[in-house]
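Have a look at the structure below, then the notes.
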Amino acid sequence: MQQEQQGSHPTFETAPQVRPAAAQEAAEPGARTSVRDLSTRELGARGELMAANNLAGRGWEILGRNWRCPFGEVDIVAHPEGERKVVALVEVKTRLALGQRDDPIPELAVDAEKRERYRRCALSYLMEHPEVETVRFDVIALNVYDENNARMRHLIGAYVVDN
Amino acid sequence: MGADVAAVKTAALRGADALPVDVEVSVSGGIPGLDIVGMPDHSVLEARSRVRCALRSSGFELPRLHVTINLAPGEIRKSGTAFDLPIAVAILLATHQLPPSIARDALLVGELALDGGVCPVRGDMAYAMLAESLGLALVTSAESGLAGGWETGARGVRTLGQLRQGIEGLPCLSSHAGARDEGPAAPSLDFADVVDQELAKRAMTIAAAGRHGVLMVGPPGSGKTMLARRLPTILPPLTEDERAQALLVHSVAGQDPGAVTRGERPFRAPHHSISTGGLVGGGRPVTPGEISLAHNGVLFLDELPEFDRRSLQALRQPLEDRTVSIVRVDGVYSFPCDFQLVAAANPCPCGHLGDPGHECTCSAAKVSAYQARIGGPLMDRIDVVVDVARPKTSRVIQGGFGTGSEEMAREVAEAREFRAWREKDAGEGRDPVAAARLDLRAQTTFESLADGLALGGRAIVRVARVARTIADIEHRERVSEDDVVEALGFRSRALT
């Protein structure tokens, strides 16, 4: 089995001015620590929330967050704007763009193993939701610069699964 | 949404044959991606990336849907890049980007470039033959080297986007190939270029007239290679049928047919480092070897003793059957290989044995070991052995002209004509010695000389065959004493 990254022509969308601090308040009230002090897990959760809010703001219908199946977890499940027949399974990758933890291209972390996990999750999702015709795999990459600034890239149809 | 299905006709290459294959495409929802089933090998699977890019750069769309591609029948192993174009077209039909009528009467082959260009593939000739037998129009790359009259029935496509105009809108392949020169161009080689080798030229005439195998023995620089290269110039031109066969083998092997297109006989001179597979055919996928590329032409083995012994052994069965069978797990592959064998060898490792101008530095043991390598079963197929001596220096410097190809070709053609007439009259005898029809004096001379030289049965048969051909050249129904004596001269002294 072969999985092809960026096989179906991902489109890039950049939204440079996302505000992590504002988003964070909604997610974890009381957690006031600076982004610098967050653990990887906390940073990831915050990034997923930011991404979901951004998608919703762009007219996407969020169907679920952290959707679980026996094969793993899907960060965001959503109908893209105007595409009610398609369900996008979105993987969010968040990295701090600071000092030693700098990773300029977080989307590279979506490797073959992760793609295979998403493929299985997609099968699982299609089993549970027979009304869904087509799934799509999106990747959202976030580079967080500081409390108030992050850079976001949204790869639409980031990869397809070939046999 | 029900699955959208479309089918396009193409073919898979197996040996020298093209087998019909249907490319079926089903487009449905689910996980986006391209699946290819029907025993594709790696080169076929790579079509997915090429098709994707080619569709996009030609302005078509590949929807984010699950596309299943089936290459039917599924039990034939598929290999190569010729499926790119039919797969792309089938996807376009299934996604309603092209009208379904477009590929109804066509057989499509071609490799796609990422920019949507259609590149030529190996085996166009086999595809063209299959398309004709199925009553379909072959659609292949506009750069295809298809020749021999087959290009008129085929249509050439330059880019995937051109298909929007329909198959009928595509230009005929022959209109692309305007630059190709048809008609017999004057052969540049001529036996007249070879100075002072009248005996060897006579041997070549005899070999060409009787389709005998030839072995030339002589020191380096004596003109053996020059002589061999000029043999095709005295052979009768290819018939329409023979040319089609030769073109097919070249096409399937992915080789440029070159002069074969103009009706000249193929001439193959593989280097002695050749592998057995390269000589008789093989590889994966199985492709014809040098002996098949020399089909209806000449196979020249220069430095015969340097060839791998196993490779030469592998020539025995093909020489006998004029077709070579390669057996693999998935069956037998057959290629034609009716060629004329011409070999050249030095008389010893240093090459100067028997050369009056040079001293041979080889030990006796070395010489006999070297010559033993030439002997053996292959020698059964070589009737004419001729010593090629170094030409006289003065002749080379003065640049005299000897017998030319034109004269020799006429002799050969007449001898073959006479032979055909004689065989029609008398029928081909089973015993080659009896079939030679020696006259009485020839018979007594042959008997006494064969006794004196202690010729074995094999050697006698060989001499009789050559004597018969010499008589044919002289237009004699019965072989005369002179013919036998001359034939005995073309017998190997060192090697039997």
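So for the stretch B:226-249 (the condition being without any contact (Cβ under 8 Å) to a residue 24 or more places away in the chain and small (Gly, Ala, Ser)), does at least one residue qualify?
no
Show the residue pairs meeting these rules: Cβ distance below 7 Å; 6+ apart or different chains; first residue within the stretch B:338-359 and part of a loop (DSSP other than H, G, I, E, B); second residue at pLDDT 85 or above and among the aliphatic types (A, V, I, L, M).
Cβ pairs passing all conditions: B:Phe339/B:Ile291; B:Phe339/B:Ala294; B:Phe339/B:Val298; B:Phe339/B:Leu299; B:Pro347/B:Val217; B:Cys348/B:Val367; B:Leu353/B:Val367.
Only one residue in B:Leu146, B:Leu98, B:Leu163, B:Leu112 is closer than 20 Å to B:Val51 by Cα, buried (at least 24 other Cβ atoms within 10 Å of the Cβ) and at pLDDT below 95, so which one is that?
The match here is B:Leu163.
Of all residues in the stretch A:113-131 being crowded, with 19+ Cβ neighbours inside 10 Å and out of contact with any Cys (no Cβ under 9 Å at 6 or more places or on another chain), which is farthest from A:Val87 (Cα to Cα)?
Within the stretch A:113-131, the first condition is being crowded, with 19+ Cβ neighbours inside 10 Å, and the residues that meet it are A:115, A:118-119, A:121-122, A:125.
Right, trim to out of contact with any Cys (no Cβ under 9 Å at 6 or more places or on another chain) and you get A:115, A:118-119, A:122.
Values: A:Arg115: 16, A:Tyr118: 13, A:Arg119: 13, A:Ala122: 10 Å.
Checked the stretch A:113-131; the qualifying residue farthest from A:Val87 (Cα to Cα) is A:Arg115.
Test B:Glu75 against the criterion of being more than 14 Å from chain A (Cβ to nearest Cβ), acidic (Asp, Glu) and farther than 19 Å from B:Gln165 by Cα, and give yes or no.
Against the criterion (more than 14 Å from chain A (Cβ to nearest Cβ), acidic (Asp, Glu) and farther than 19 Å from B:Gln165 by Cα), B:Glu75 qualifies.
Every residue in the stretch B:438-471 that is surrounded by 18 or more Cβ atoms within 10 Å (Cβ to Cβ) and on the phi > 0 side of the Ramachandran plot, please.
The answer is none; no residue qualifies.
Within the stretch B:22-56, how many residues turn out to be more than 9 Å from chain A (Cβ to nearest Cβ) and under 39 Å from the mean Cα position of the chain (by Cα)?
Selection size over the stretch B:22-56: 18.
From the set of residues in the stretch A:37-60 that are touching a Lys or Arg at 6+ places or on another chain (Cβ under 9 Å) and assigned to a helix (DSSP H, G or I), which is surrounded by the fewest Cβ atoms within 10 Å (Cβ to Cβ)?
A:Thr40
Find the strands (runs of 3 or more DSSP E) located wholly in the stretch A:94-163 whose residues include 3 or more that are more than 14 Å from chain B (Cβ to nearest Cβ) and not β-branched (Val, Ile, Thr), and list them.
Filter on the stretch A:94-163 gives A:134-144, A:150-155.
Just checking, which of B:Arg458, B:Arg476 is in a loop (DSSP other than H, G, I, E, B) and out of contact with any Pro (no Cβ under 8 Å at 6 or more places or on another chain)?
From the options B:Arg458, B:Arg476, the qualifying one is B:Arg476.
Could you please let me know if B:Arg64 is touching a strand residue (DSSP E or B) at 6+ places or on another chain (Cβ under 7 Å) and without any contact (Cβ under 8 Å) to a residue 60 or more places away in the chain?
In short, yes.
Filter the stretch B:260-278 for residues that are farther than 25 Å from B:Leu312 by Cβ and either surrounded by fewer than 17 Cβ atoms within 10 Å (Cβ to Cβ) or of a type in the set (Lys, Arg) (or both) and give the result.
Hit for the stretch B:260-278 is B:Arg262, nothing else.
Inspect the stretch B:369-386 for any residue being in contact with a His (Cβ under 6 Å, 6 or more places away or on another chain), among the β-branched types (Val, Ile, Thr), surrounded by 13 or more Cβ atoms within 10 Å (Cβ to Cβ) and in a strand (DSSP E or B) and give the result as yes or no. Write out each step before concluding.
Initially, the stretch B:369-386 is screened for residues in contact with a His (Cβ under 6 Å, 6 or more places away or on another chain), giving B:383-384.
This time we only want the ones that are among the β-branched types (Val, Ile, Thr), so: B:384.
Now drop any that are not surrounded by 13 or more Cβ atoms within 10 Å (Cβ to Cβ), which leaves B:384.
Next, only the ones that are in a strand (DSSP E or B) stay: B:384.
Yes, the stretch B:369-386 contains at least one residue that is in contact with a His (Cβ under 6 Å, 6 or more places away or on another chain), among the β-branched types (Val, Ile, Thr), surrounded by 13 or more Cβ atoms within 10 Å (Cβ to Cβ) and in a strand (DSSP E or B).
The values are calculated or read from the model by the stated rules, or taken from the named source; none is laboratory data. These figures come from a predicted structure and were not determined experimentally. As a convention, Cβ positions derive from the backbone with ideal geometry for all residues, glycine included, and neighbour counts pool all protein chains shown.
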